[in-house]
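The structure under discussion appears below in the form of structure tokens.
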Amino acid sequence: MMPCTMLGAGRYHEGKPMGEKWTYWFGELGKEANDSVGKKCANLGELTKIGLRVPPGFAISVDGYRMFMKETGAGEEIKEYVRREFGDTKDVAQELEASRVIRGIIERKEMPSKMKEELIAHYKKLCEDCRLADLSVAVRSSGAVSMPGQMETYLNVKGAEEMVKKIIQVWGSAFTARAISFRFQQGLPIDWAPIGVAVLKMVNAKCAGVVLTVIPTTGDTSKIIIEGNWGLGESVVSGEVNPDSYIVDKETLDIERTVAEKTKMVVYSDKGTASVDIPEEKKRLSILVDEEVREIARICKQVEEHYGVPQDIEWVIDLDLPFPENLFFVQARPAKSVKKKGNDADYIIDLMTRLFK
Amino acid sequence: MKVYDVVPGLEFNEEYDLQQSPAWFLDATHSVPPWTPMFGWFWVNFCRHGMQYGAETLSLPTVKGWDWRFKDGGGYLCLLLVDSDKEKEERQKKFREAIRPFVDNYDGLWGGYVKEMLKRYDQVKALNLDTATNIQLLENFEEVVDTCRRMWEIHMHMMYGTYTPYVLFEQLCKQMLNIDDTHPTFQKMVSGFDNESFRVDRRLWEFSKKAREMGLQGLFMETPAKQIKAKLETSDKGKTFLKEFDQFLDKEAGWRMERMAEINVPTWQEDPTPGFETIKLYLKKGGDFDLDEDRKKAERERKQAEKEVLAKVTPEQKGWFSMLLKVAQNCSRFSEEHNHYLDLYTHALIRRSCMGLGKRWAKAGTINQPEDIFFLIPDEVRKAGINPDKFNLKPLVERRKKEWQEWAQRGNPPAIMKEGFTLDQAMGGLVQSMDPIALKVVVGSMPVVRTELKADLYGTCGSPGVAEGIARVISRDEDLPQIQKGDILVSASTSPAWTPVFSLINGVVVDRGASLSHAAIVGREYGIPVVMNVFEGTTKIKSGQKIRVDANMGAVYILGK
């Protein structure tokens, strides 16, 4: 498994001319920008392009990473460290140590002033657009190959300074021990791991979740399944809670609803996010009304048609805005590990085989 | 060699066989009362072969089929378990592929087998036994031997492959929904299907309506079933009716006998009395009785139960769960259809071939009467086949007949076990085998004795419901006509030929049975309570006593003591 996001590893090396464009508003991007800004940003751009509402924000391309590494000298330091300390064979302890050292090198660096200026300008523009001072943003990694849960994502980041710091930390997160191990095994450069970064407005989430435009267990593509919980989408993505689920027929938009007893939800806290108890009166309450379910389904169907393959989409409903302007989509990618049609039989055969153990 | 050897090589031998397996179980469903030598030879040889063939073809990971022995007319069985984990693993790999057609293409598989057997049957039936030469008769018999061997191969390949998903489905229902196959909702889910046995019953019901329309009702009601044929031949109306009925026997229903696992009773072809009995039963039910309504009700209830259960599984599970449900439902259909196309038909043709020989041999003086052939075995048929007039097998027949009568009087023990070995241990081994046929047809689950119910007998639920009625203890097919509307049938087990009385009775109590045995399946189709595995029903309950069955609790109460 690809542990994370090696954007064009070996392709974006030092020595490229400086001064080129390295930040983009989502509206400027499309899927062709994948190699430059990473899948997440390219997708958000693509979503914007096809008229889907995404939280306002911007992307930092791998050229931003390259510039940072060059101008701060972090790139050289890492190279030097790897040359010095990294031999031909590696064990886990060495990889962990390398991760600690390299991330330390990156995180101790200041953002070069020209870059910082540009980032702060973008942040200010965002605040203006949202008519909010000290806007809370999410800072997310965006690699050419997405691996949900592997790379760092910082939520609820407030203020330009904090945002800049988190961007540096996201770059550093390309050097987790696992990522280093993977690159070592693949014979890729250990010291070079360019990734894109997405900075977007935090949604004040009433509820959030995921959509699959195919039923994963059956491969039934005539239906969409929406899952969600109160609060942020993390609780659903991580599989911690038993979410509400809505199966929607793509043709008729008929809804098959299963309301779960939801106990915990993820919300913002001072330190980022926290898992809290759901108030008693909301535990057995459906998180979505039919109108919202159908709107999500309708839009996700469009996204699937646009990309041509079943999609795995993260959605969120904002607490403050009125419907339907409060419906945002934060991620769309091809649905993975979806059973092909006919695999029900394989599954049943599997179960039968296990019966005899 | 002893002259009494009935199944050479497979006679029960305490010394050797208890070393092989510490426990051997009597197949009470099929070999009580004891088999005739000829039929025992066919069953023990080929059912045994078929089970090992089926288990091996499917590469069942934990069991290699069953071993069988013949003892005093009883079939005794034990399981051939897979011992090493390594072998289990290897078998698992093959099993994965071998079971696939049962999930992917059940109808194609079963349909193909039915076609193959019907073709064989047509070939075997083509010979005119009265005009055939001795050599042709012997050839016909050998063909029948081979047909029976093939029938059991198909039978057990299908049965293992059909019941495995059923066992899985039940286990998942237990885990996911907390219901097992003695639960009413579960039982409703696997009933309400059309099948060949019901089609035959339906035709008999239509004949009962025809008899009423033609004004023959009085004749049917007043005449004992045995004489109905002769009586019908005395009038034009009767002749018209008979003509159509004979056609029905020839084309649809003639190749069956009252007792499924025996060949010493006439087929319907030879003696249509059982058919007339059934028509009488339907006439007794009255003109407003609607057989179709029963069936439609079962179908409606099944759909309702399916809906109920599917609502309880998560959306992600629904796809494969409903697929598995459909695969498991094949059990109900297969259970009745295989009786019709496999056991009954083949056994009827074994009888036909034997009777052809028997008549010839009785004429030649080899034996006294045609039926004596059932006290011989295939080796002896070969011995005298071409020149029957040169052999006198009468003394052999007489000795075997005498033995056979003694077997029936004595009765066979339900299990033969090594000293110090307990029934609990033996049952444990059966459960461990995961053998779907052992679990669901022959052995069944052991009743839980709930003393707080203060019942007289405890069993398991084969079909849900509660009913009261007069007990009618039936041990022989000839006693079936004693059954009155509203009675509760008490017997060792039931067989396909008994199906029609289920529309008349209020409930069933059987000594032995599991959730896929005949009484359970048919009880569910007719929506009457069935209590199974009470073991002592036929000895403790007397005909005429008023009894109450609470199948949901597995309890039987004798009210009129």
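Mind checking the dipole of region A:186-258: about its Cα centre, +1 per Lys or Arg Cβ, -1 per Asp or Glu Cβ, Debye to the nearest 20?
For this selection, approximately 240 debye.
How well do other chains shield peptide B:85-93, expressed as the mean number of their Cβ atoms within 10 Å of each residue Cβ?
1
Of B:N368, B:N387, B:G358, which is farthest towards the positive pole of region B:337-389's charge dipole, taken about the Cα centre with +1 and -1 on the beta-carbons of Lys, Arg and Asp, Glu respectively?
Working it through, the farthest residue towards the positive pole turns out to be B:N387.
For region B:25-155, just say rounded, prolate or oblate: build the C-alpha gyration tensor, square-root its eigenvalues into a ≥ b ≥ c, call rounded for a/c under 1.5, and beyond that prolate if a/b exceeds b/c, oblate if not.
The shape class here is oblate.
State the answer as a single residue: which of B:A98, B:F141, A:P324 lies farthest towards the positive end of the charge dipole of the protein assembly as shown, with beta carbon charges of +1 for Lys and Arg and -1 for Asp and Glu, about the Cα centre.
Checked the options; the winner is B:F141.
Taking H as built 1.01 Å from N, whose amide H comes closer than 5 Å to the amide H of A:K223, not counting residues under 5 places away?
Under 5 Å from the amide H of A:K223 lie the amide H atoms of A:I215, A:K250, each far enough along the sequence or on another chain.
Where a ≥ b ≥ c are the square roots of the eigenvalues of the C-alpha gyration tensor, would you call chain B rounded, which needs a/c under 1.5, or, failing that, prolate if a/b is larger than b/c, or oblate? Write out the running numbers ahead of the final one.
Details: a/c = 1.44, a/b = 1.10, b/c = 1.31.
The shape class here is rounded.
Using a 10 Å cut-off around each Cβ, can you sort B:K546, B:K64 from fewest to most neighbouring Cβ atoms?
B:K546, B:K64
If amide hydrogens are placed 1.01 Å from N in the peptide plane, which non-local residues have theirs closer than 5 Å to the one on B:V265?
For B:V265, no residues qualify.
Return the long-range amide H neighbours of A:W25 (sequence gap of 5 or more, or a different chain), with a cut-off of under 5 Å between placed amide H atoms.
Amide H neighbours of A:W25, under 5 Å, 5+ apart: A:A59.
Could you give each residue of region A:218-229 its phi-based ³J(HN,Hα) in whole Hz, using Karplus coefficients 6.51, -1.76, 1.60 with θ = phi - 60°, and x for Gly or Pro?
10, x, 5, 8, 8, 10, 10, 10, 10, 10, x, 9
Take chain A, connect every pair of alpha-carbon atoms lying under 10 Å apart with a spring to form a Gaussian network, then pick out the residue of A:L29, A:L132, A:L253 with the largest mean-square fluctuation.
Comparing A:L29, A:L132, A:L253 in a Gaussian network model of chain A, the most mobile one is A:L132.
Return a whole-number percent for the relative contact order of region A:23-201, with Cα pairs under 8 Å and 6 or more residues apart as the contact set. If you can, show how the numbers build up before the last one.
Details: 281 pairs, mean separation 57.3, N = 179.
Relative contact order comes out at 32 percent.
So how strong a dipole does region B:359-450 carry about its Cα centre when Lys and Arg Cβ are +1 and Asp and Glu Cβ are -1, to the nearest 20 debye?
400 debye
Taking θ = phi - 60°, what integer Hz values does the Karplus form 6.51 cos²θ - 1.76 cosθ + 1.60 yield along region B:166-172, in sequence order, with x for Gly and Pro?
5, 4, 4, 4, 5, 5, 5
In whole Å, what is the distance between the alpha-carbon centres of region A:195-268 and region B:344-403?
Here the answer is 75 Å between Cα centres.
On C-alpha positions alone, give me the angle between the axis of helix A:160-172 and the longest principal axis of chain A, in degrees, nearest 10.
90 degrees
Over region A:205-336, what is the relative contact order in whole percent, taking alpha-carbon pairs under 8 Å and six or more residues apart?
Details: 285 pairs, mean separation 34.6, N = 132.
Relative contact order here is 26 percent.
For region B:434-537, run through the GluC sites (Glu not before Pro) and keep only the ones in DSSP coil with at most 15 other Cβ atoms within 10 Å of their Cβ.
Loop-located and lightly packed - B:E536.
Would you please classify the overall shape of the protein assembly as shown from the alpha carbon gyration tensor, given that a ≥ b ≥ c denote the square roots of the eigenvalues, rounded means a/c under 1.5, and beyond that prolate means a/b larger than b/c while oblate covers the rest? Each step should come with its number before you reach the end.
Details: a/c = 3.10, a/b = 2.40, b/c = 1.29.
Because a/c hits 1.5 or more and a/b exceeds b/c, the protein assembly as shown counts as prolate.
With θ set to phi - 60°, apply the Karplus curve 6.51 cos²θ - 1.76 cosθ + 1.60 along region B:388-396 and write out the HN-Hα couplings as whole Hz, x wherever there is a Gly or Pro.
Calculated HN-Hα couplings, in order: x, 5, 8, 10, 10, 9, 4, x, 4 Hz.
Rounded to whole Å, give me the distance from the Cα center of region A:284-316 to that of region B:59-73.
That distance is 56 Å.
Specify which residue in the list B:G513, B:G486, B:A438 is farthest towards the positive end of the charge dipole of the protein assembly as shown, using unit charges on the beta carbon of Lys, Arg (+1) and Asp, Glu (-1), about the Cα centre.
B:G486
When only DSSP loop residues count, what GluC sites (Glu not before Pro) in region A:165-257 have their Cβ near at most 14 other Cβ atoms within 10 Å?
For GluC sites (Glu not before Pro) across region A:165-257 that sit outside H, G, I, E and B with at most 14 neighbouring Cβ atoms in 10 Å, the list reads A:E251.
Determine the relative contact order of chain A: mean sequence separation of Cα pairs under 8 Å and six or more apart, normalised by residue count, in whole percent. All intermediate terms of the calculation are to be shown ahead of the outcome.
Numbers: 701 pairs, mean separation 66.2, N = 357.
Result for chain A is 19 percent.
At 222 nm, what helix-only mean residue ellipticity would chain B give, in deg cm²/dmol to the nearest 500, using -39500 (n - 2.57) for each DSSP H run of four or more?
The per-residue figure over chain B is -17000 deg cm²/dmol.
Between B:Y557 and B:E299, what length comes free when the chain is fully extended (0.36 nm per residue of separation minus the Cα-Cα distance, one decimal in nm)?
89.8 nm
Let me know the charge dipole size of the protein assembly as shown about its Cα centre in debye, to the nearest 20, where only the beta-carbon of Lys, Arg (+1) and Asp, Glu (-1) is charged. Provide the component values of the computation, followed by the final result.
Numbers: 127 positive and 135 negative charges, 159 e Å.
Magnitude of the dipole: close to 760 debye.
Do any GluC sites (Glu not before Pro) in region B:392-421 lie in a loop, going by DSSP, with at most 10 other beta-carbon atoms within 10 Å of their beta carbon, and if so which?
B:E419
What is the average number of partner chain Cβ atoms found within 10 Å of a Cβ in B:309-321? Intermediate values should be presented prior to the final figure.
Working: counts 0, 0, 2, 0, 1, 5, 12, 10, 3, 6, 12, 11, 5.
That average works out to 5.
Take the eigenvalues of the Cα gyration tensor for region A:205-336, scale each by 5, and report the square roots as semi-axes in whole Å, largest first.
Equivalent-ellipsoid dimensions as semi-axes: 24, 15, 14 Å.
What is the distance in Å between the Cα centroid of region A:69-117 and that of region B:456-470?
78 Å
Only the coordinates and a few stated rules stand behind these numbers; no lab work does. These numbers were taken from a predicted model, which means no experiment stands behind them. So basically every Cβ, Gly included, is an ideal-geometry build from the backbone, and we count neighbours across all protein chains shown.
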